[in-house]
Amino acid sequence: MNYLIPANSKKSLLILSAFTPFDLILFGGGLLATFLLLLIFNPTNVWFAIIDLIPAIVTGFLVLPIPNYHNTRILLREVYRYFTNRQKFIWKGWCVKDEFGEEKQVHK
């Protein structure tokens with residue numbers, strides 16, 4: 001019983017094929033914090049404007065989609081886990097060989 005699952009099969013579960021609800025909440029919180037900072041601290045020069053924009057820039061960077069990972073936040077989480085937990089990840093992905101070590105026949 002071998003099944004072929006397309007690589008993008010889980011994208012249909014995401015909002016706009018890229019974001020989870022947590023990603024949008026995180027980015028929305030960053031935008032809200034930026035808006036509040038802009039209202040509270042009226043930027044009079046470029047440096048204050050940059051400081052006010054930091055929450056939106058940071059959360060935007062965290063939810064930025066990247067290849068082979070969901071987004072930058074997931075990549076940073078995996079790097080942190082790798083260096084703080086065990087040093088070897090055991091992974092079995094889709095491959096040409098089945099569980100018995102025999103190569104599958106590919107029909108063209």
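For the reader, a short list of remarks on this structure follows.
- Lone unmet requirement of (1) surrounded by 13 or more Cβ atoms within 10 Å (Cβ to Cβ); (2) at pLDDT below 90 for Gln87: (1)
- In region 63-84, the residues that are basic (Lys, Arg), closer than 17 Å to Leu26 by Cβ and surrounded by fewer than 15 Cβ atoms within 10 Å (Cβ to Cβ): Arg77
The values are calculated or read from the model by the stated rules, or taken from the named source; none is laboratory data. All values derive from a computational prediction rather than experimental measurement. In this analysis, Cβ positions are derived from the backbone assuming ideal geometry, glycine residues included, and neighbour counts consider all displayed protein chains.
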